[in-house]
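Enquirer: Okay, here's the structure, questions in a sec.
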Amino acid sequence: MTGPVSIAQQAAHLRALMRQLGIERAHVVGHSSGGNIALRLALHAPEMVHSLVLMEPAQPVTTLGPERMLATRAAMAPVFEAFRAGDKARAVDGFMRGVSGPSYRAVLEQGLPGAFEQAVVDADTFFGQELPSLQQWSLKREEAGRITQPVLSVVGAKSKELSPIWSERHELLLAWLPRAEGLVLPDATHLLHVQHPRSVAEALAAFFARHPLKAP
């Protein structure tokens, strides 16, 4: 198992891919840790980002204060204990219950059959690379102020009920990003695009239409 690939490196990979494909500027959509990558790209390659859609990005809890950070670490402690013990299925299940609620398996099986089993297969990458890279990255308020592109911050209504972290992250982005607007998706958890693909697609299409990207 290799070490974590930083958010900065992942954003650089995205930038290189866009250039390889001949994409000079685009609407960029990121979900969960993908939202962090999208934010990093907007900061360090702003000419390539026309607008941002952030669907419950995994903004580090350190920005929300020490009490929230400690509470989150305590809640996730059994998950990491299970992973260290080699029980990858229990670790994935515990993590998904924490971020997406107890009914997440039914949502996955309906929208992405076999996704849980694949997540267990990929557990070493997730716990060994993705989560550590998130813990090492943060967005500072002064950095957020430099992101002047239109931003749509999307959060699920059930996510807000599940944990105050989702509301706090959402409100933080609306307060920090100069041109951000918010959308609360009804009856949705962190798996919002899997639960309600049509509603998410319609919301994104409407946002893109309000901020059209002109052809070069």
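Enquirer: Kindly indicate whether residue 171 is without any contact (Cβ under 8 Å) to a residue 12 or more places away in the chain and either surrounded by 13 or more Cβ atoms within 10 Å (Cβ to Cβ) or of a type in the set (S, T, N, Q) (or both).
Expert: Yes; evaluated as a whole, the condition is true for this residue.
Enquirer: Under the condition of being basic (Lys, Arg) and part of a helix (DSSP H, G or I), which residue from segment 158-216 is nearest to residue 142 (Cα to Cα)?
Expert: 169
Enquirer: Here is a check on your reading of the model: is residue 199 touching a residue at least 40 places away in the same chain (Cβ under 8 Å), of a type in the set (Gly, Ala, Ser) and out of contact with any Cys (no Cβ under 7 Å at 6 or more places or on another chain)?
Expert: Criteria not met by residue 199.
Enquirer: Hey, another quick one. Six or more apart or on different chains, Cβ atoms under 7 Å: show the pairs whose first residue is in segment 11-26 and within 19 Å of residue 149 (Cβ to Cβ) and whose second is surrounded by fewer than 10 Cβ atoms within 10 Å (Cβ to Cβ) and modelled with pLDDT of 95 or more.
Expert: Listed pairs, sorted by first residue: 25/47.
The values are calculated or read from the model by the stated rules, or taken from the named source; none is laboratory data. No experiment lies behind these values; they were computed from the predicted model shown. Neighbour counts are summed over all protein chains in view; Cβ atoms, including those assigned to glycine, are modelled from backbone coordinates with ideal geometry.
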